[in-house]
1. First select every other residue whose beta carbon is under 13 angstrom from the beta carbon of Gln154; then total the charges, Lys and Arg +1, Asp and Glu -1.
2. Please give the charge dipole size of the stretch 11-141, origin at the Cα centre, charges +1 on K and R Cβ atoms and -1 on D and E Cβ atoms. Round to the nearest 20 debye.
3. Per-residue counts of other Cβ atoms within 10 Å, averaged by peptide: what ranking do you get for 152-164, 172-184, 47-59, highest first?
4. Could you rank the peptides 9-19, 130-140 by their average count of other C-beta atoms within 10 Å per residue, with the highest value first?
5. How much of the accessible area of the chain, probe 1.4 Å, is carbon plus sulfur, in whole percent?
6. With the other protein chains left in place, how much accessible area per residue, in square angstrom, belongs to the chain at a 1.4 angstrom probe?
7. What Kirkwood Rh does the chain have if only Cα atoms enter the pairwise 1/r average? Answer in Å.
8. For the full complex of protein chains and a 1.4 angstrom probe, list Trp90, Trp85 by accessible area with the highest value first.
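The values are calculated or read from the model by the stated rules, or taken from the named source; none is laboratory data. Just so we're clear, the structure is a prediction, and the values are computed from it rather than from any experiment. Neighbour counts run over all protein chains shown; Cβ positions are idealised from the backbone, glycine included. Side chains are part of the model used for accessible areas, which takes the heavy atoms of the whole protein and leaves out ligands, DNA and RNA. Shrake-Rupley method; radii C 1.70, N 1.55, O 1.52, S 1.80 Å.
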Amino acid sequence: KYSQKYYPGTREELVSKIKTAMSPRRFQHVLGVEQAAIQLAKDNQADVEKASIAALVHDYAKERSDSDFQAVIQTKHLDPDLLRWDNFIWHGVVGAEMIATELGITDPEILDAVRKHTVGAKDMTLLDRIIYVADYIEPGRDFPGVQEARLIAQKDLNEAVSYETQHTLEHLLQMKKVIYPAAMETYNYWVAGKL
Ligand code: GDP
Ligand code: FE
Ligand code: FE
Ligand code: FE
């Protein structure tokens, strides 16, 4: 049961809005992230309701068109540098604006956790770290290393942030993918230990 502090409705209402915004497969991923985030919130004495809401909305915008994101970047006067990137970064950073206007969620910590869920950041709140890790270890994920990541997350959330950051970056480099600069800042702090 939600307190109505962060979402002006019930969990069921939020879930049904999320469901209509995405494919059944992605919706299942979102429910998995919620489950993982609630567990991490309990393990780490975080706000379970905020973890649930942030998880349910984290990929809300993932299936929106490029032109939707470009329009929001312009009308909300977001950093024009964002226009050089694409869906992988927009669905979190620009998606947070859509979540605010379309779902009526204005809590800055929830919106920040959505903004940071893909590449992380040097500074991450407890909620940011929970969503970042839950997205990676949710029960529906299946990739080499995910079981190790789940075991680490049960023991130490910060270690899990480090593991995920290192392995995601290794994977992107292996695939010769472009690296979003903020992902390097996350790596320098959480993996290389640079203050
Ligand atoms: P998802 O939305 O649940 O699929 O997961 P994420 O939001 O964490 O990631 C979205 C996509 O962006 C995934 O395919 C990631 O591998 C990819 N991604 C994350 N960081 C980077 C990056 O720095 N560069 C590129 N090219 N892709 C990235
Ligand atoms: Fe995502
Ligand atoms: Fe992720
Ligand atoms: Fe996700």
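1. -1
2. 300 debye
3. 47-59, 152-164, 172-184
4. Listed from highest to lowest mean packing, they are 130-140, 9-19.
5. 51 percent
6. Averaged over the residues of the chain, the accessible area is 52 Å².
7. With all distinct Cα pairs of the chain included, I get 16.9 Å.
8. Ranking Trp90, Trp85 by accessible area, largest first, yields Trp85, Trp90.
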